[in-house]
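What follows is one structure encoded as structure tokens, with my remarks underneath.
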Amino acid sequence: MALRSLPVSRLAPVVGAERVAAAERELEALRSRLDGRQVWHISDSSTRGGVAEMLREELPYFRGAGIAMRWATLDAPPAFRQFTKALYYQLCGVHTDATGATGSTDSSWPEPDLGRRLYERICREAAERFTAGVDRGGIVVAHDHQTAGLIPHLREAGFTVLWRAHIGAPPHRQQADRAWEFLYRYVAGAHGCIASYPDALPLSLPGGMPLPFPGGMPRPGPYVVAPSINPLAAKNIPLHAPADRVLEAVGPLPPRTPLVTQVGRWDAVKDVPGVIRAFADHVDPAFGAHLLLVGPSTEGDPQAEEVFAQCLRARSGLGLLRARVHVLRLPAADSREHALTVNAIQRCSALVIQKSLAEGFGLTVSEAAWKGRAVIASPVGGLRQQVEHGRSGLLLTGPHDLAGLGAAVNRLLADPARAAELGRNGHERVRGRFLIDIGMRDLARVLTRALPC
Ligand code: UDP
């Protein structure tokens, strides 16, 4: 994967010289501790979701600071992706039926033993390919559940291995214990875990299996590094004439139409059908608002295809209101164009929703808040870290609170000044906590501490 190198000082006009200097200090400490050793990230995908978004943005700055940071992805077959998707739903405590539809109480995995054997084989093979091709002795950061199975192999091969969890514990943890137990079998081999916020991970399971705590790490809890966004990325920079881009992507819209938007992967956890129901049943049509449901292309991703089809079915049941609900797959061939279009859509939205049933962090919220948009989100996972209810956005009473979602949309559409105030506060919250200089500073500090001298 070709990667650029950039100086952290580029961020100074946005975050100030002091913050740049703080990030540079930590990156320099890491560079010196590495003493020529490499840092590798291993993730599932280089294109989809928040992990890819963050790595794409952070790596050039680490490299610009003289750190040999690289990124490898699993080239996993569809059966592995299907199993890890089922595992993901279980870890989130979101139960789905075989088609990915939510709401079922069926908590069984498709053939768990077969799944485990497949998972272990693919992870072992990926670890073998990886270790054959890179210098040993550096750090590997394995991201999320898909790569956890590599951890024991990488540790045995002499790497310092950290597991970075972008997923989080679900609100009703007992529903997900089996899945976490599955995962911790591998994660327990890591030198440490990195979580997005303090109570993101279950710390122990009914069986008593603890999370690994590396020496010197403050107890209780794993390292915490909040995910972050890059204000200089195509996804987040100020745009000229964003409305033109929106019309290009969405098609003609009546002038001054308030747009209510949710951006996300086509994944049952993002509950797009729930958003459509809330819009149809609880948002006052007198506002003339349109609902935009935006996600990436589903090409080569049958599970996303299935969720997308469910969203289309939910829309097609709406009768005349259908014309006000847009379910959009944005082409991914040109990643910069894609990012600029997401940027324009977020920027031109009156309100941005993230009605996830579970969420590790939810970068889309910080992205929208950075653009001064008022955000309405479920009170789950990292969404609670980002949205201070009533100050930098609104939180629903629960992830299934459709009436509350409709009422919150109605309230803010009726009071644009209040929406603007929430947007301003949200922008400042992101500036203070969720920009890339802070994410890199904190990650560099963790990597430095984790690495033996
Ligand atoms: N995203 C995108 N195009 C889309 C949908 C999502 O670029 O069509 C991006 C979105 O802007 C964000 C990331 O994918 O940067 C999603 O990250 P988040 O943490 O919200 O959710 P995840 O996908 O990791 O569960």
Note on the range 127-153: residues farther than 30 Å from Leu383 by Cα and touching a residue at least 60 places away in the same chain (Cβ under 8 Å) are Phe130, Val134, Asp135, Gly137, Gly138
Apart from one, (1) part of a loop (DSSP other than H, G, I, E, B); (2) open to solvent by 10 Å² or more (accessible area, probe 1.4 Å); (3) under 21 Å from Tyr88 (Cβ atoms) all hold for Gln385; the odd one out is (1)
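Residue-by-condition table, conditions (1) within 15 Å of the ligand (Cβ to nearest atom); (2) closer than 18 Å to His172 by Cα; (3) under 16 Å from the mean Cα position of the chain (by Cα):
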position	(1), (2), (3)
Ile353	yes, no, yes
Gly362	yes, no, yes
Val365	yes, no, yes
Arg373	yes, no, no
Arg384	yes, yes, yes
Glu388	no, no, no
Leu394	no, no, no
The one condition Val294 fails out of (1) among the β-branched types (Val, Ile, Thr); (2) in a strand (DSSP E or B); (3) closer than 24 Å to Phe83 by Cα is (3)
Among the residues of the range 311-339, the number that are buried (at least 18 other Cβ atoms within 10 Å of the Cβ) and either part of a helix (DSSP H, G or I) or away from the ligand (no atom under 14 Å from the Cβ) (or both) is 7
Within the range 12-38, of all residues that are in a loop (DSSP other than H, G, I, E, B) and not polar (S, T, N, Q), the one surrounded by the most Cβ atoms within 10 Å (Cβ to Cβ) is Arg37
Scanning the range 227-274 residue by residue, the ones that are open to solvent by less than 20 Å² (accessible area, probe 1.4 Å), of a type in the set (Val, Ile, Thr) and either away from the ligand (no atom under 13 Å from the Cβ) or outside any strand (DSSP E or B) (or both) total 4
Within the range 72-91, the residues that are more than 16 Å from the ligand (Cβ to nearest atom), charged (D, E, K, R) and either in a helix (DSSP H, G or I) or touching a residue at least 60 places away in the same chain (Cβ under 8 Å) (or both) are none
Query raised in the report: Quick check, is Ile42 modelled with pLDDT of 95 or more and either hydroxyl-bearing (Ser, Thr, Tyr) or within 20 Å of the chain's Cα centre (by Cα) (or both)?
Result: yes
Among Val380, Val375, Val409, the single one that is part of a loop (DSSP other than H, G, I, E, B), under 22 Å from Ala358 (Cα atoms) and of a type in the set (A, V, I, L, M, F, W, C) is Val380
Taking the range 283-310 and keeping residues open to solvent by 40 Å² or more (accessible area, probe 1.4 Å) and under 28 Å from the mean Cα position of the chain (by Cα) leaves Glu299, Gly300, Pro302, Gln303, Glu305, Glu306
Reported set for the range 52-98 where residues are within 20 Å of the chain's Cα centre (by Cα), over 24 Å from Ser335 (Cβ atoms) and open to solvent by 40 Å² or more (accessible area, probe 1.4 Å) is Gln82
Checked the range 45-71 for anything modelled with pLDDT under 95, outside any helix (DSSP H, G or I) and under 18 Å from Asp442 (Cα atoms); matches are none
By residue number, the members of the range 292-308 that are in contact (Cβ under 8 Å) with a residue 40 or more places away in the chain and among the aliphatic types (A, V, I, L, M) are Leu292, Val294, Val307
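The values are calculated or read from the model by the stated rules, or taken from the named source; none is laboratory data. The shown structure was predicted, so the numbers you read here are calculated from the model rather than taken from an experiment. Note that we place each Cβ from the backbone using ideal geometry, even for glycine, and neighbour counts take in every protein chain shown. Protein only, heavy atoms only, side chains kept; ligands, DNA and RNA dropped before computing areas. Shrake-Rupley method; radii C 1.70, N 1.55, O 1.52, S 1.80 Å.
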